[in-house]
Every structure is written in structure tokens, then in C-alpha cells.
1. Cross-link list A:Lys21/A:Lys98; A:Lys21/B:Lys219; B:Lys21/B:Lys98; A:Lys98/B:Lys219; A:Lys219/B:Lys219: which exceed 26 angstrom alpha carbon to alpha carbon?
2. Which distances, shortest first and in nm, link B:Glu325 to the matching position in the other copies, using label points set 7 Å out along Cα to C-beta?
3. Distance between Cα centroids, the range A:211-276 to the range A:72-127: provide it in whole Å.
4. Mind checking the dipole of the range A:292-370: about its Cα centre, +1 per Lys or Arg Cβ, -1 per Asp or Glu Cβ, Debye to the nearest 20?
5. Work from the charge dipole of the range B:183-275 (Cβ charges, +1 for Lys and Arg, -1 for Asp and Glu, about the Cα centre) and give the residue of B:Trp199, B:Gly213, B:Ser275 farthest towards its positive end.
6. Given charges of +1 on the Cβ of Lys and Arg and -1 on the Cβ of Asp and Glu, with all other atoms neutral, how large is the dipole of chain B about its Cα centre, in debye to the nearest 20?
7. Residue by residue through the range A:104-109, what is 3J(HN,Hα) from phi via Karplus (6.51 cos²θ - 1.76 cosθ + 1.60, θ = phi - 60°)? Round to whole Hz and write x for glycine and proline.
8. Let me know the whole percent of all Cα-Cα pairs from the range A:221-303 that are separated by more than 14 Å.
Protein chains: 2
Amino acid sequence: MTEFIPPGTRWAALPSPFPMKRGGALQDARVAYETWGRLDEARDNAILIVTGLSPDAHAASSAEDPTPGWWQEMLGPGKPIDTDRWFVVCVNSLGSCKGSTGPASVDPATGELYRLRFPDVSIEDIADAAAHVVRGLGIARLACVIGNSMGGMTALALLHRHPGISRAHINISGSARALPFSIAVRSLQREAIRLDPNWNEGRYDESTYPESGMRIARKLGVITYRSALEWDGRFGRVRLESDRPDEEPFGLEFQVESYLEGHARRFVRRFDPNSYLYLSRSMDWFDLAEYADDDVLAALAQIRVERALAIGARTDILFPVEQQEEVAEGLARGGAQSRFVGLESPQGHDAFLVDMARFGPAVGGFLEAL
Amino acid sequence: MTEFIPPGTRWAALPSPFPMKRGGALQDARVAYETWGRLDEARDNAILIVTGLSPDAHAASSAEDPTPGWWQEMLGPGKPIDTDRWFVVCVNSLGSCKGSTGPASVDPATGELYRLRFPDVSIEDIADAAAHVVRGLGIARLACVIGNSMGGMTALALLHRHPGISRAHINISGSARALPFSIAVRSLQREAIRLDPNWNEGRYDESTYPESGMRIARKLGVITYRSALEWDGRFGRVRLESDRPDEEPFGLEFQVESYLEGHARRFVRRFDPNSYLYLSRSMDWFDLAEYADDDVLAALAQIRVERALAIGARTDILFPVEQQEEVAEGLARGGAQSRFVGLESPQGHDAFLVDMARFGPAVGGFLEAL
């Protein structure tokens, strides 16, 4: 699966064995990451970015890899996360297929791919692996940890499990626990993959990649990542050029269908289906409240950061802004100077990737004042 | 597919040929319906119900079929649609598999099932077929036509194409045109069916029913029919009894997953996949604005009814209440005494089926005043 790994990738070895929260341990595991900017002598200008389910560590272009990254407009010299000031580290989640050890990696014990023999991955494991990258870079304390979507969960787990690891935190379109609507969506995405005969309990290869299942999973993702409001304005009822451009029965006819199709094509065969299943399930399991007798605010209040910002889009149906409001409130109870900002972005959960006009100043303003 | 047809079903023959809006014509087609109550001598106490995609004509129990119907609490003696006063007709949509002619019916020209040789079905065709049932019962003018969900589209098409057919109208969780979010959801439901190898371009039989595709389509339907708000309260993060009750990898673990599974099991093999594809696409195509130079309010204003009520749930993400508000506004422009009511039901699009405490009085109150 080497083709999934961006050229600017570096690796950090994890302690071996690396114990996993839900049982089992990894041998000789590693985490992929990229960096931008320079760590200053006091080592106090580092920012860690932890990502959503699918991104790799290539958040922005760099000397080693000039191709645009998934957060290109947010990160760079003079940008909201200003690499002239900050040393930025983005890690690829443990369990992913973009360079970090995961189900698509070779199990050193057998010489074969892990596939479903990979141990359960929890958000806490992803957080612990990211903490090792930070420590390995000689960083005792981050200036800020920024987490988007699933990364918002990872960041909270990191802060909770590694007290003092960061002075500040930005939680973007994240949450402190999974709620049933998002669990239902992810469960259905996983079922689409599992029902694809090519999935074969995880034993596919390039020639039997479960493409149908991954197409459905991705399109369902895109539907829940965006918002009806945005699409009303963007696509309306506009049709593709000819009245029946797709000769397949019930084929593509409306622009919105073509848009979903484009997203699916850019994703399928570029992500490992087993990794998708593992990371998807890790989000369902995540519930910070399990550390405070099912009281999510109390669990958040156990976290110590000096300053925090929780932001999201009011049109997000997957990680609704009430969940970011909860994060801000809980961190405030823990003593942080904490703020919630609900943005009017029409793009739903994905807004942090595309609505730079709103998310850029929110993130940049917070970091500037650090 | 006879097992899909409730025992109280009656049939109305359609004129033969019955021309279809998008081309082609049906020979010897028929529409299934059920009735409750008595048509009075003046023949002015008739109410027509047109349904969503999946229901049959068995809206409520009757002498012929005492099993509960899909709108059991709404319809009957002393209920909001009071069959002591009203003669109620519920029709099964043309193109469905619950008794009306559709892709699962035998094509008299070949003696074989239509399957994908069935002509395109439009909402307008479904409306015209329902109008024939009404006329065939000797009803010159309905007291009211009630349409839910897809039926809300059908009712508007009926009123638009058959001026004077009804004095009043209740549009429940319906819309005057499909918008891209709902098109995207339905497109993905259809794709899940089409990608199921068993679908085989519509040439399945009982032993090769495309169960995987229909499971995914149904679960995606249920996710969009309900609301996150309801599920937060109803399921939260509650797990099934044992920690890993389902031994399948990535199997069911949370209550919300089991809930979706129950819905899928009750639907799969009880609905014809080709019918599902045809009716699903008919909704995407529906746009009343095509009759008024893309001005949906102007198209609605061409409809003449005396009184109208458009209602829906504020948590509906598939047919958002703004669309019912639009229906009420357009009908008012056409001269109707018209009202929009957005209900606080947490159950989303499906609320009209379950939240009788809110929908019952709204419907009953409107009908009482007729």
C-alpha cells in the first residue's frame, strides 16, 4: 500500500510492544508524520495537528513535497497556522493506511498483512501514538494541539491521558463522544463495505478491492459531511448536460449525483477498506465520559489547558455544534479560558476544509493571541 | 409478488392504453386501493390518501382486513380522519408492488414481468392513476386529498392536473419539488441496489433477491427519515446486552445499530427492488415549477383549492419544513385559505407516522372545520 504514502513522510517508531487500550499490543509499530517550520530553541512553539478519518499527514505543501495538502490554505507562511512562527507537526493516525501502522501493514510476527488480525484501534491508542511522536521530537509541551473531526476526539484523548502535553487546544468540528446518529451513519458505511463480496472478511487484494462498498461508504460520508443548505444553492435541480447522459438504467442525471460520483472516484482504491473499518469503529467507541462516571462535562473538566477554542459549523449534522459547545463548556469547567464559536458556514461538517473565510480567522486569531 | 398485497385490496382498472408522462403507455393496468366509511348520497364526503414510497393501500384496519394499517392511529371511527363522517380512499401508487401495476407486474404484451421494460414512472402518472380511482368511485369532487411524503408530491400533481378534483388539501411532510440533498440520498439508495450483483439489471427472482442492496437502501432511508435529536434521547450510547453480542467482525454493538437492523429485516423481501428504483427516481424528477417557468410558487398558485394545510416536523432533513411552508404560501397565492404548521416533533420525516399527539390534532382539527 506504499502508493498511499506522501513523499514528505517521516516516521516515528513506537515503543515495542505498544499496548492497545482494548487488548493486544503492536510490535515494531510506527507513526507517519510531516512537519513545517522550525522548532525554536526553547522548544515551545510546536503545534500538533491530529486529523479526521481519511487524511494523511500531508496537511500542506513543503520542500519535500510541493503538492498541495488537505489543509493547504490553513497552514503555511503567513497563513492562519503561520509556519513562520510555529513548528507544525501533523500525524497520520495509528490504524490508517497512509504510512502509520495499521491493518494494511505487515505483521512482523507472521510476515503477512495484519488485515483483521490487527488489534482493535481506539481513539486513545491514536492519541498515545501521537504523543510518542511529540516526545520523540523533543517537545515536552506543545503550544497547541489542533484536532478536526475524528481528530477532535483524538486531541481530547491526548489531553486527558497526557496531562500537561499542551498549553492550548483548538477543537474543530469534533466531539467528546459519539452520538447515535453518527454511529448509525458509520455503521451503515461499514456494512456497505462488509456486504461487498470482495471484502471477504478483509482478505481482498488489488484485483479484488471492495470497490462497491467503498463507493457507497464514501458517498454516504460526503452526504453527511456537507449540508442541504449548501447544495440547494450550489446544485439546485441542475441536470447534467444531456437529459440522459448516463446510459445505465437509473444512472447519473443531476449535478449533485455527478458531484458524489467525483468524490467516490477520488477516494476509492486510495484508502484501505480494513483501515476504514477500524478507524470508523474507533469513533463509535469514543466516549470521554467513561472516565467520569458517564458525565461528559466532568470528564472534560479533568483536562488542564490554559486556553481552548471549540468551533464548528451550525450546519454540521454529523458532529453538531452542540458537541463543540459542550467541549468548550467542559474545558472551561477545568479552568481553561475557553470559547465556543458556532460558524454560519453552509458546508456542514466539511466546512473547516473549505470555508477558509470563516475558519481561517477563527483559528488564526486564537493562535496569534497565544 | 402476490404476498405483498393486503387482503382488503380492491382494484380499479385504468383506461387502456394509459399514457405515461415520460413516454410509453400501459395496457390493462390497474390501481390497488382500500376504502373505509361510507360515501354519502351527495358524494361529497370523500377523502383521498396518497402515500409515501413504500406503504400499501392498507392505511388502517377494516372489516375485510383487521390487521393494523400503516396509519392505524390516524384513521378510523372517532379518529383524526374520522371514518364515521368521511369516506376514505387510500390508493397504492402506480409503479408500486403492493397491488398496483408496476415493474413487478406481468406485461400483457409478453406474458413476462415488466422489470426494467416498465416505462418511466413520474409523480404525475401516479396522480393520474389516483384520479381514475376517484372518478371510478363516482366521486366528482373530493372533500380533501391528503398526501404524505412522496404522496405530498402526488397530491400537488393531482390538484394541478385535475382542477376542481378536491375542495381541500393537507400536505404532510411533502414538497413541490425535489432538492439536491434528498436527490443525493435517493441516488445512493438506488446505487446500493444497482451495485448488488443480485440485482442483475432487474433480472432477479426470489432466490437471487438483491438483499444487500435493499438492506443498505432501507437503513439509509431510516437514518434520513428520523432525527439525531430523537436518537440522542432514545438510544444515546446504550449498547446491546453483551459487550460483543455479534460475533461478526464490526457487527452490531449499539442499540441504534440493532434498531436499523430491525427496520431492514422488516422491509427486505417485502418490497420489489425494481419498484423501489422506479418510485425513488420519480421523486427526483418531480418539480411542479416546470409548469410555471421554474417558479415554484407560481406553479403552486395555479392550483385551486378552498382550504389547505401544509404541515411537517422541524426535524425533517429529507423534506425540510421550509418546503411545506412554500407549499402553504404558493397555495395561498392561488386563493386558498392556507396555513403552514411546523411541528416540534423530534422524529423527523417519519413523525407523521408516529407522533400522533402532534399530527393527529393538526389533521383532525383541519378536517373538523371543513
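Bear in mind that the values in this text are calculations on the coordinates, not laboratory data. Since the structure is predicted, the reported quantities are computational estimates derived from the model, not experimental observations. Positions of Cβ are backbone-derived with ideal geometry, glycine not excepted, and every protein chain shown enters the neighbour counts.
1. Details: A:Lys21/A:Lys98 22 Å; A:Lys21/B:Lys219 31 Å; B:Lys21/B:Lys98 22 Å; A:Lys98/B:Lys219 30 Å; A:Lys219/B:Lys219 15 Å.
Check vs 26 Å cut-off fails for A:Lys21/B:Lys219; A:Lys98/B:Lys219.
2. Distances between equivalent label points, in nm: 1.9.
3. 27
4. On the way: 6 positive and 13 negative charges, 68 e Å.
Charge dipole of the range A:292-370: 320 debye, to the nearest 20.
5. Going by the Cα projections, it comes out as B:Ser275.
6. Numbers: 39 positive and 51 negative charges, 116 e Å.
The calculated dipole for chain B is roughly 560 debye.
7. 8, 8, 7, 7, x, 6
8. Details: 2585 of 3403 pairs.
Value for the range A:221-303 (Cα pairs over 14 Å): 76 percent.
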